[in-house]
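The values are calculated or read from the model by the stated rules, or taken from the named source; none is laboratory data. Predicted model, so just to flag it, every value in this text is computed and none were measured. Backbone-built Cβ (ideal geometry, glycine too); neighbour counts: all protein chains shown. Ligands, DNA and RNA are excluded from the accessible area calculation, which covers all protein heavy atoms including side chains. Shrake-Rupley method; radii C 1.70, N 1.55, O 1.52, S 1.80 Å.
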Amino acid sequence: METDYEKIGLKVGLEIHQQLNTSAKLFCNCQPELFKEQPEITFLRRLRPTQSELGQIDPAAYFEFQKGVKILYEANRATSCLVEMDEEPPHPLNLEAVNTVLAVALMVKAKPMDEIHVMRKTVIDGSNTTGFQRTCVVALNGEIKVGEKTVPIQHAGLEEDAARKTGEEEGNIIRYRIDRLGIPLIEVATAPVIKSPKEAEEVAFAIGRILRATGKVMRGLGTIRQDINISIPNGALTEIKGLQELELVPLVVEYEVQRQLNLLKIIEELRKMGVKEEDIKEEFCNVHDVFKGTKCKVVRKALDKNQQVLAVKLPKFNGFLKRELMPGIRLGTEMADRARFWGRVGGIFHTDEMPAHGITAEEIEELKKAVKAEEQDAVVFVADSPENSRDALKAVVERAREATKHVPEETRGPNPDGTTRYMRPRPGAARMYPETDIPPTQITEEHIRKVRSHLPEFPEQKLERLIKEYKLNQKLAKQVLDSEYGELFEIVVKESNVSPTTVAAFMTETLKALKRDGVQVEKVSENKIREIFRGIGSEKLTKEAIPDIVSWLSQHEDESVQEAINSIGLKMLSGE
Ligand SMILES: [Zn+2]
């Protein structure tokens with residue numbers, strides 16, 4: 001059945017972040033690059049928010065901090081200096097980055113600020129060595145035309161990118177690499193006026209085109225991250241954070257609407273059955289004895305370590321935990337994610353998926369007896385340390401209570417298939433305070449005039465030109481415009497003498513197909529792509545060989561095109 005999003009009252013806002021390809025980072029002169037070798041420098045820190053900042057910290061972050069997590073930072077000298085290590089004050093804002101945002105701002109008719117003030121946004125998960133992220137608004141109140149609709153742009157700004165996690169947590173230590181810290185990110189945010197998944201996709205692409213028009217954005221996986229705010233009446237505002245693939249935007253929106261509608265249905269049914277929030281009690285029962293002789297490996301392991309098996313009854317929840325909210329994500333999954341987050345447990349067990357995991361029907365009967373559960377009740381249990389088990393079940397109870405009254409406001413993270421998982425509660429507002437180490441940057445009329453006189457070609461103009469100049473059909477020209485390789489297209493056509501349609505098909509369809517097959521095409525440099533096409537132009541290679549060469553090069557980053565040809569065993573046969 002088609003979903004009528006207009007009728008549902010869907011509202012979507014987009015916030016797009018993309019790394020800028022500037023010659024230096026935002027607040028120092030380091031190279032905005034990632035390194036893959038072993039780090040030259042490591043240092044250990046524990047973040048301590050100051051008293052005055054505590055009031056502004058969201059509960060989830062404070063929770064992390066309380067758990068005494070330490071962070072091991074990794075760095076090398078080319079990509080980090082004392083600024084990233086928070087041992088030296090930041091330098092003034094990188095003007096190249098400011099000018100790029102100004103160009104985007106003017107292209108979407110936003111009004112530049114007279115002065116740019118850098119602000120601090122509290123972040124204590126360790127992804128920033130300072131405990132905050134620096135961010136600034138560069139322009140306000142623009143608009144972008146998408147089809148017939150005008151979508152307001154709330155602001156365009158600049159942010160410093162955060163350090164990246166390089167491993168899972170081991171014994172309260174998290175590893176972060178600070179090469180990414182300080183890479184400039186442009187941020188463009190729309191008003192929440194988008195009304196359907198399709199429209200969200202169109203807006204995301206339209207903004208993407210403007211960003212790429214500047215010729216100053218990085219490309220490849222991880223260089224673009226979108227936050228999507230989704231809400232429906234009676235539902236909640238969900239923030240989906242860090243989506244990397246534009247193509248997934250419509251699916252993510254669709255699934256989130258589905259999830260909220262299914263949660264509303266569950267609320268309705270529980271209400272009809274007379275289940276009330278206060279019926280769900282934090283009464284945890286140690287069911288150690290039930291599992292004395294269990295064959296379940298997880299429970300066995302916990303018991304062998306003298307840990308606990310703790311259970312809680314969810315009255316009248318039988319059958320609800322296996323209710324699917326979106327593909328593969330059930331109400332039980334939502335509870336498990338909460339338990340993992342707040343209790344640091346590996347997962348939960350519940351009666352809706354039993355018997356399974358080596359747990360027998362008899363054990364389940366015993367378990368139900370132990371917690372005095374009836375036929376229509378569900379039981380959730382965990383096997384972990386006493387503290388973790390308690391925290392995990394508390395989180396499960398909290399989630400069950402919410403299931404009787406409202407859709408919770410959450411920050412969620414995207415999965416590769418477009419579904420999402422609980423990340424943390426939504427942080428409260430007003431987490432910003434001024435960055436006192438950086439003086440405001442004045443933006444004079446003269447400055448704006450200069451940027452305006454060098455504005456890049458607008459996407460619509462470029463589309464027309466691609467069709468006219470290169471005789472591309474409308475569809476292919478549009479694909480080139482939306483490709484990360486749009487810039488490269490013209491360079492390659494001009495120097496290689498290969499037909500524009502062939503080059504365009506490569507930049508769009510071929511690269512997309514290769515990516516789909518898991519080839520990391522971003523590992524093949526522009527120069528190598530240019531060399532491949534020069535080879536085709538001079539008839540040393542055929543276009544049929546391109547996919548093989550590109551996929552070989554993606555696995556052999558330091559090798560040449562000639563080496564690829566030799567290795568694959570390609571050579572031209574003479575006409576003869
Ligand atoms: Zn630096």
Legend entry - Residues of region 158-210 satisfying the condition of being more than 25 Å from Glu256 (Cβ to Cβ), of a type in the set (Gly, Ala, Ser) and away from the ligand (no atom under 16 Å from the Cβ): Gly167, Gly171
Inset, instruction - Could you tell me whether any residue of region 273-287 is in a helix (DSSP H, G or I), touching a Phe, Trp or Tyr at 6+ places or on another chain (Cβ under 9 Å) and on the phi < 0 side of the Ramachandran plot? - result: no
Legend entry - Enumeration of residues in region 66-108 that are surrounded by 21 or more Cβ atoms within 10 Å (Cβ to Cβ) and within 16 Å of the ligand (Cβ to nearest atom): Tyr73, Glu74, Ala75, Thr79, Ser80, Val83, Glu84, Leu93, Asn94, Ala97
Legend entry - Residue within region 385-406 that is over 30 Å from the mean Cα position of the chain (by Cα) and not charged (D, E, K, R) present: yes
Inset, instruction - Answer yes or no: is there a residue in region 319-340 that is within 21 Å of Pro408 (Cα to Cα), open to solvent by 10 Å² or more (accessible area, probe 1.4 Å) and more than 31 Å from the chain's Cα centre (by Cα). - result: yes
Inset, instruction - For region 293-309, enumerate the residues that are open to solvent by less than 10 Å² (accessible area, probe 1.4 Å) and part of a strand (DSSP E or B). - result: Val309
Legend entry - Every pair of residues 6+ apart whose Cβ atoms lie under 9 Å, when the first sits in region 361-377 and is on the phi < 0 side of the Ramachandran plot while the second is part of a helix (DSSP H, G or I) and of a type in the set (Phe, Trp, Tyr): Glu363/Phe291; Glu366/Phe291; Leu367/Phe291
Legend entry - Close pairs from region 379-399: first under 11 Å from Trp342 (Cβ atoms), partner among the small types (Gly, Ala, Ser), Cβ under 7 Å, at least 6 apart: Asn388/Gly343; Asp391/Gly343; Ala392/Ala339; Ala392/Gly343; Ala395/Ala339; Ala395/Gly343; Val396/Ala339
Inset, instruction - Give the residue, chosen from Lys475, Lys523, that is open to solvent by 20 Å² or more (accessible area, probe 1.4 Å), charged (D, E, K, R) and modelled with pLDDT of 90 or more. - result: Lys475
Inset, instruction - Can you work out which of the residues in region 34-57 that are modelled with pLDDT under 90 and among the acidic types (Asp, Glu) is nearest to the ligand (Cβ to nearest atom)? - result: Glu37
Legend entry - Residue identified as at pLDDT below 90, more than 28 Å from Lys36 (Cβ to Cβ) and within 34 Å of the chain's Cα centre (by Cα) among Asp482, Asp558, Asp548, Asp517: Asp482
Inset, instruction - Take region 400-439 and flag every residue that is within 15 Å of Thr333 (Cβ to Cβ) and without any contact (Cβ under 8 Å) to a residue 12 or more places away in the chain. - result: Glu402, Asn415
Inset, instruction - Determine, yes or no, whether Ala60 is at pLDDT 95 or above, surrounded by 12 or more Cβ atoms within 10 Å (Cβ to Cβ) and touching a Pro at 6+ places or on another chain (Cβ under 8 Å). - result: no
Legend entry - In region 109-129, residue farthest from the ligand (Cβ to nearest atom) [restricted to those that are open to solvent by less than 40 Å² (accessible area, probe 1.4 Å) and free of Cβ contacts under 8 Å to residues at least 60 places away in the same chain]: Ala110
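Here is a yes/no grid of residues against (1) buried (at least 22 other Cβ atoms within 10 Å of the Cβ); (2) touching a strand residue (DSSP E or B) at 6+ places or on another chain (Cβ under 7 Å):
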site	(1), (2)
Lys165	no, yes
Arg180	yes, yes
Arg209	no, no
Gly215	no, no
Arg219	no, no
Asn229	no, yes
Gln244	no, yes
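For the condition more than 16 Å from the ligand (Cβ to nearest atom) and at pLDDT 95 or above, what is the one hit in Ile16, Ile8? Full working, then the answer.
Working: Ile8 fails: at pLDDT 95 or above.
Going through Ile16, Ile8 in turn, the sole match is Ile16.
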